[in-house]
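Single-structure report; data block below.
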Amino acid sequence: MTLTPLTIYLAAPRGFCAGVVRAIKIVELALEKWGAPVYVRHEIVHNKFVVDGLKDKGAIFVEELDDCPDDRPVIFSAHGVPKTVPAAAAKREMVYVDATCPLVSKVHIEAERHSQNGLQMVMIGHDGHPETVGTMGQLPEGEVLLVETPADVATLTVRDEEKLAYITQTTLSIDDTAGIVEALKARFPAIIGPHKEDICYATTNRQHAVKAIAPKADAILVIGAPNSSNSKRLVEVGAAAGCQYSQLVQRAKDIDWRALDGIKSLGLTAGASAPEVLMDEVIAAFRERYDVTVDIIETAEENVEFKVPRVLRETA
Ligand code: 2E4
Ligand code: SF4
């Protein structure tokens, strides 16, 4: 049987970012140092394959600190936690390691600095997402107002228009966020903020790569989890950049082959929390059905690395 030709445009960069590599390493080193079980508050990163792999090594995942015993170490996920969480762990004299990505911690510090300068904060983020909950939780209740859309900006009630600053989640759509920042600046000309937003290098690079691929791909698949903000944004960016069929898949078995019938080209990328083995699996599934040529579309090079916390450095 002759297979139909298919060109796969493979995005680069894609997949794991430096914050995810560090967070997973923290769990692995903690298991080495303290033995099993080690507790992890929330999925260390939003990926079932990663979480299941760590469960097999002895990690126990819980949603709340209250679900952890006092006498086992606990790790906080890469997304960050409200200040009340390490405070409660310290009060219980627990051993805890914070795997919050340093680029999320940077936003936490920014919020604190603005607040110390007497500014009220506006956070651009997704309601209920753990990073947004963690960042807003750096300041007392009411000090951070959440906006998700330009329409939310129109209805904001602020304490003093002259004393405002904004911060953002790190995994937002660059283009959508620009629109919200514009609305904020139009309504509150004195508002201060970062140069553009707090979207991180990895989010930025992955969105740029998808944008480069979208115009020439008949379909795009993004490997990532349904609760992964950065992965979902890649799907949206692909669609907004003109690709008719842009879909999230967790792994090869999720692919809707019928929907892809007749395609000649496919864009492939993976969110920051999706391991490359799942990309290998997806490409292998296409090779079984098509005569595949892989064309890597590289729009940036990445060489960011983050150190693990000091308490785990000797183990490393
Ligand atoms: C922490 C911050 O935030 P998102 O839902 O995209 O998290 P995910 O775990 O999918 O990706 C890693 C990550 C963690 C991104 N930013
Ligand atoms: Fe850190 Fe960015 Fe990765 Fe999030 S996506 S973990 S902010 S590097």
Fill in the blank from the handout: With +1 at each Lys and Arg Cβ and -1 at each Asp and Glu Cβ, the charge dipole magnitude of the stretch 1-97 around its Cα centre, to the nearest 20 debye, comes out at 360 debye
Practice task
Calculate, for the chain, the solvent-accessible area per residue in square angstrom, rolling a 1.4 angstrom probe over the heavy atoms of the protein chains.
Solution key: 47 Å²
Exercise for the section: Taking 7 Å along the Cα-to-C-beta vector as the label spot, tell me the Ile192-Ala87 distance in nanometres, rounded to one decimal. Expected result: 2.5 nm
Completion exercise
Length gained, Arg113-Asp127, 0.36 nm per residue minus C-alpha separation, equals 2.8 nm
Practice task
Report the label-to-label distance for Gln244 and Glu32 in nanometres (one decimal), using points 7 Å from each Cα along the Cα→Cβ vector.
Solution key: 5.0 nm
Practice task
Compute the semi-axes of the equivalent ellipsoid of the stretch 174-247, taking the square root of 5 times each eigenvalue of the Cα gyration tensor, and list them largest first in whole Å.
Solution key: 27, 13, 11
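Kirkwood Rh and Cα-based Rg: tell me the resulting Rg over Rh for the stretch 182-316, rounded to two decimals.
My calculation of the ratio gives 1.07.
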Exercise for the section: Could you pull the Cα extents of the stretch 1-80 along its three principal axes, largest to smallest, in whole Å? Expected result: 60, 28, 23
Practice task
Determine the dipole magnitude for the stretch 148-248: charges of +1 sit on the beta-carbon of Lys and Arg, -1 on that of Asp and Glu, nothing else is charged, the reference point is the Cα centre, and the result goes in debye to the nearest 20.
Solution key: 280 debye
Problem - Rg/Rg_globular for the stretch 90-196, with Rg_globular taken as 2.2 N^0.38 Å and Rg from C-alpha atoms - result: 1.10
Handout entry: 11 Å beta-carbon shell around Gln169, net charge (K/R +1, D/E -1)
Key = -4
Handout entry: Within the accessible area of the stretch 224-272 (1.4 Å probe), percent carbon and sulfur
Key = 46 percent
Exercise for the section: Work from the charge dipole of the stretch 167-264 (Cβ charges, +1 for Lys and Arg, -1 for Asp and Glu, about the Cα centre) and give the residue of Ala241, Ala190, Leu221 farthest towards its positive end. Expected result: Leu221
Practice task
Add +1 for every Lys or Arg and -1 for every Asp or Glu among the other residues with Cβ under 14 Å from the Cβ of Gly242, and state the total.
Solution key: -1
Handout entry: Share of alpha-carbon pairs per 10 Å distance bin for the stretch 229-292, given as whole %
Key = 19, 55, 26, 0
Exercise for the section: Alpha carbons only, please: Rg and Dmax for the chain, in angstrom. Expected result: 20.9, 71
Handout entry: Charge context of Glu148, other residues only, Cβ under 11 angstrom, K/R +1, D/E -1
Key = -3
Completion exercise
Per the helix-only model, the chain has a calculated mean residue ellipticity at 222 nm (DSSP H runs of ≥4, -39500 (n - 2.57) each, divided over all residues, rounded to the nearest 500) of -11000 deg cm²/dmol
Practice task
Place a +1 charge on the Cβ of each Lys and Arg in the chain and a -1 charge on the Cβ of each Asp and Glu, then give the dipole magnitude about the Cα centre in debye, rounded to the nearest 20.
Solution key: 400 debye
Handout entry: Built amide H within the under 5 Å cut-off of Val97, gap 5+
Key = Val74, Ile75, Phe76
Exercise for the section: Collect residues whose amide H, placed 1.01 Å from N in the peptide plane, falls under 5 Å from the amide H of Val147; neighbours closer than 5 in sequence don't count. Expected result: Met123, Ile124, Gly125
Exercise for the section: Figure the gain on full extension for Ala300 and Arg72 (residue separation times 0.36 nm, minus the Cα-Cα span) and round it to one decimal in nm. Expected result: 78.0 nm
Problem - Per-residue HN-Hα couplings for the stretch 203-212 [Karplus 6.51, -1.76, 1.60; θ = phi - 60°; Hz; x = Gly/Pro] - result: 4, 4, 5, 5, 5, 4, 5, 5, 4, 5
Fill in the blank from the handout: Diffing the stretch 172-184: the Karplus 3J(HN,Hα) column from phi (6.51, -1.76, 1.60, θ = phi - 60°), in whole Hz with x for Gly and Pro, holds 7, 6, 4, 5, 5, 5, 4, x, 6, 4, 4, 4, 5
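The values are calculated or read from the model by the stated rules, or taken from the named source; none is laboratory data. Just so you know, these numbers come straight off a predicted model, no measurement behind them. All Cβ positions, glycine included, derive from the backbone under ideal geometry; neighbour counts span all protein chains shown. With ligands, DNA and RNA removed, areas are computed over all heavy atoms of the protein, side chains included. Shrake-Rupley method; radii C 1.70, N 1.55, O 1.52, S 1.80 Å.
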